[in-house]
1. Give, as ranges by residue number, the residues of the stretch B:96-128 whose backbone N falls under 14 Å from the point 7 Å along Cα→Cβ of B:TRP349.
2. Under 16 Å from a point 7 Å along the Cα-to-Cβ line of D:THR161: which residues of the stretch D:1-40 have their amide N that close?
3. With the Cα gyration tensor of the stretch B:148-351 giving a ≥ b ≥ c as the square roots of its eigenvalues, does the rule (a/c under 1.5 for rounded; else a/b larger than b/c for prolate; else oblate) give rounded, prolate or oblate?
4. Considering only Cα-Cα distances, which of the following residue pairs are longer than 21 Å: A:LYS18/B:LYS187; A:LYS98/B:LYS537; A:LYS90/B:LYS111; B:LYS484/B:LYS537; A:LYS18/B:LYS241?
5. Pairwise over distinct Cα atoms, reciprocal of the mean inverse distance: report the Kirkwood radius of the protein assembly as shown in Å, one decimal place.
6. What is the average number of partner chain Cβ atoms found within 10 Å of a Cβ in D:91-102?
7. Report the label-to-label distance for B:GLU102 and A:LYS74 in nanometres (one decimal), using points 7 Å from each Cα along the Cα→Cβ vector.
8. What angle, in degrees between 0 and 90 and rounded to the nearest 10, separates the Cα long axis of helix D:153-164 from the longest principal axis of the Cα atoms of chain D?
Amino acid sequence: MPAQVDNRYKMVERTMKKLGYERSALIETLHTAQESFGYLEKETLKFIARRLKLPFSKVYGVATFYHFFRLKPKGKHNTVVCMGTACYIKGANKILAKLEERFNVKAGGTTADDLLSLISARCVGSCSLAPIAIFDDKPIGNLGIEQSVEIVEEMIR
Amino acid sequence: MIHTLEELEEIAEAKREKDSETKEELRVCIGSSCLSLGADQIEKDLKEEISCRGLKDKCKVKGVGCNGLCSAGVLVSHIDREKNSETMYGNLGTSDIKSVAEAYESGTILKEKLLDPHDPFFLNQEKIVLENAGYIDPNDIEDYIAHDGYFALFNAIIELSAEEVIAEVKKSGLRGRGGGGYPVGLKWETVAKVDSEQKYIVCNGDEGDPGAFMDRAIMEADPHRVIEGMALAGFACGANKGYVYVRAEYPIAVEKLNKAIKQAKRLGILGQNIAGSNFSFDLEVRLGGGAFVCGEATALVTSIEGNRGNPRQKPPHLSDYGLWGEPTILNNVESFANIAPIIRKGGAWYAGFGTEKSPGTKVFALSGHVKNTGLVEVPMGMSLRDIIYKVGGGVPEGKKLKVVQTGGPSGGCIPEHLLDIPVDYDSLKSVGSMMGSGGMIVTDDSQSIVEVARFFVEFCASESCGKCVPCRVGTTELTNILDKFVAKTATKEDLILLQDLCTVVKETSLCGLGQAAPNPVITTLKYFEDEYLEAIKND
Amino acid sequence: MIREKARVKTFKINGTDVTGKSNQTILEVANDHEIKIPTLCYMKGLSCVGACRMCLVEIKGSHKLIPACTGKIKEGMEVETETESLKKHRKFILSMIFAERNHVCSVCVSNGHCELQDMSVELDMKHSSVPYIYPKFEVDASHERFVYDPNRCIVCTRCVRVCNEVEGAHALDIIDRGINSKIIHDMDEPWALSESCTSCGKCVQVCPTGTLTEKGVSSAEMVKKKSLIIDLLEARENRDRK
Amino acid sequence: MSKVRVATIWLDGCSGCHMSFLDMDERLVEIAEKIDVVYSPYVDTKEFPGDVDLTIVEGALSTDHDITMIKKIRKNSKKIMALGDCAITGNVSAMKNLSGSEAVLQRGYFELADENKLGRVPSEVVPKLLDTVHPLHEIVPIDFYVPGCPTPADAIYKAITDILEGKEPDTKELTRFGK
């Protein structure tokens, strides 16, 4: 069983244990699993369901309800464009549209070559720097449209 | 482990003494916004510069939580305890650090980066919730204690009865800062009176409103204040367990809270028999998952239980049937952050701020087309105009203000001619908006109002949990119709349908998200009907 | 949790005096007195979710509409179930249900035995007030005895509830949210491959529309056993415990 | 008293509702005494006339021609009755909306065609398909709705006589969606 050899499963197991294998541990466990595996594969979800004695359908229902959880792997690089209100009125939608067009990927998706995942976020809470995007964990504010394209080009080169 | 007020005082004294050894401080704002601008690097570099120059004993470099003026980040303050002076620099980049250190060493001032402490932005604020933000080190419980932290809790446990704590909160007139504005004291009293062995205290730190980052700043800058408020609620209502439900998108807040809880437990401020009494209180952080609807009380609670965040029909309210079916108090971060000062200085003192029906102060996240974007804390009742023009510095580039959006996506758009209304729960409601959690987004006249309305409605559509029909289908239908208005292909019938949809969604949806979702359309239709009419094609 | 003793309460529905036990809902008391309140997601024997909003009623003195299926009765309350505005709202909401998915009655096996179709007659909904959305869903006909057609689903969650609460399998749940909400088996896998489904067919019997149906039957035959669940629950209650 | 000028038209539907109309049998005679059919697949009129009292429309709106027609009908008719599910809900005609016009044309002219001499989708004579099929009321205001697939003759009879008597047609007992 891979669970015994794979260190990532151990991380997940630890979270469940910490929370006493309670059914309410599900969301915390999903967070740990996503951190360890990068995304939530069905096999991982089934493992969690069995350990927490939860129905498969319920676990899948919860994992798909919360948009923080990814059910598909991320690309090598990722760009999160904040679409919060402040960013929106400062033109974030135009940045997102431009990135979608330039890199031929829809928000929420990954390019065919798995190089870039483009994500739109609800609000990253840095409204003072609007519009803001996060390029591979590095937030850059007061973004221009062309500037954002350049940053991504540089990033995936 | 500390058990008495005296022991707490000893920690405070020791910390103050230790601090006074270094006469000066350089405080780097490491709030989220400044962090995005490289504040962590600046803190590191500055530490190095100061120690290279052999000034370590004289001056301490410390990272502090959000100072508020995010638009001028990264911010560094130079505090001189002897002279009792503060010099504030803004708009700093990593390349400026050498000059900051040089200026400090030579006792001069870096004029081009100097911020005016007499700027109306600072003068017109009144800080209660944010009193420590920008001053203390959020990673250090002793710093919090040295700034009167946990004295309210210890004093309450040792000197006051639960009823007296509730009485103070009631006297303060504090209303829930999460949006609804329900009196906090009343909520506590209801739960305190319920006879149940198990009760829970839950703090909503999910802050799902786009354009709101007050709670994030509080959790990051002063996490112990939230913990103290929750523990006081636990003491007042007879609850021994609490949960802080935090957005997973706020990893720094989560980290700070977890660290703070650990520190508090180590000192015996959380845990069994606090302050030598028989009151015990334990606290856990739970992560949200990026669902706006989980800001709704029943949805939040069911999410903590590990379920999809579907709200349920009320009644029963949480005070009767909350977390795991037990009586539960749910307040948001800012509400809890107000509790310690209220208990420390008295409800009457707090009620002295703000207006009669909305006492105290309110933290707003000012953003959009306004000069000073950031966090501001002002007394309730200040006019919208003063907040935006005096504190916020007005609309940049000489443009005209069109609307101010308050209350998050389900709030309303307030037009220019209503800017003189006082900002309090009831006045905002009377113009069709609401307080919400405190996002305040200014829009200039370059923005199409129909597009703004569509933006908010689409937000609610994608955040609808899908449980009840009017919200699930209605918000999508609203978005589709607004698409036609944005594309200027709408018909007269579409306008009628738009209005009908707003009414049905508002009146028949199950929870607050659906009931409020049409608000941006209703207010913009009321104040900017002409823009909708212009979008109707003639044929 | 404190359980209060059930006491008899008297109140008014549409001006008529009615009595019920304090733990009863408005809907239960109305049903006991043969006052008809439209319902779709409600099913006797299952938990109440108040999701379809058909049973919304007005309560004098309150500006909020309350679903009769979850609203507990109170002494002296005055309930109205058929005001003009309620009728208008219900019709509009029913429109939304029709517009949400692809309810093409003429080519549905439940034609003539469908609660949604019946509701359109009951509420006199002659056309949809809102534009149709036309989402596209694949039909799952993998199961040997049943068919699942999400195009006809109204997300009432009766199937989810009956599977969890009565059968105890919880093979069904909802994925995603909002307008994308969809009933699934296990982890959105073909019904035939579901590890948890016991093929008991309760979900089919409680489904109000042609979403869950039996395979290979004509529309004349596809009549659901409406009292199955309550009969089953009563039989369990009364079963011989020797 | 002059007779009521009635038109009937069959847009994107299967003609089933018009068949049902004929199923009124001897009641047709009774109705014929009160109405003049001024335009209909039953009669030989080429142009949709002006000044119509009541137009009964079967079928949904699927082509640019349907749109032109329904707008003309609205202009020239005092009242419009949407007859049958296609006119009211889109029904089977609107099932196309799930796949889009392109897929339908592909299926019709290539996949299922024994022989397509043209080698492409015809662009002349055949009207252009709309992206979305609409029920009537989404394009023009409609006065009366009589559902059914096809609407039973009894319901059509009741609807017409109700309208002739100046009443709102009440066919609740006789028909519904899908009947």
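A short reminder: the numbers here are calculations on the coordinates, not readings from a lab. What you see is a predicted model, and the numbers here were worked out from it, not measured in a lab. Every residue, glycine as well, gets a Cβ built from its backbone with ideal geometry; the counts of neighbours run over all protein chains shown.
1. B:127-128
2. From the stretch D:1-40, the list is D:21-35.
3. rounded
4. Values: A:LYS18/B:LYS187 32 Å; A:LYS98/B:LYS537 29 Å; A:LYS90/B:LYS111 31 Å; B:LYS484/B:LYS537 10 Å; A:LYS18/B:LYS241 17 Å.
Distance filter (> 21 Å) returns A:LYS18/B:LYS187; A:LYS98/B:LYS537; A:LYS90/B:LYS111.
5. Working: mean 1/r = 0.0309 Å⁻¹.
Every distinct Cα pair counted, the radius reaches 32.4 Å.
6. Shielding by partners across D:91-102 averages 3.
7. 4.0
8. Once rounded, the angle reads 60 degrees.
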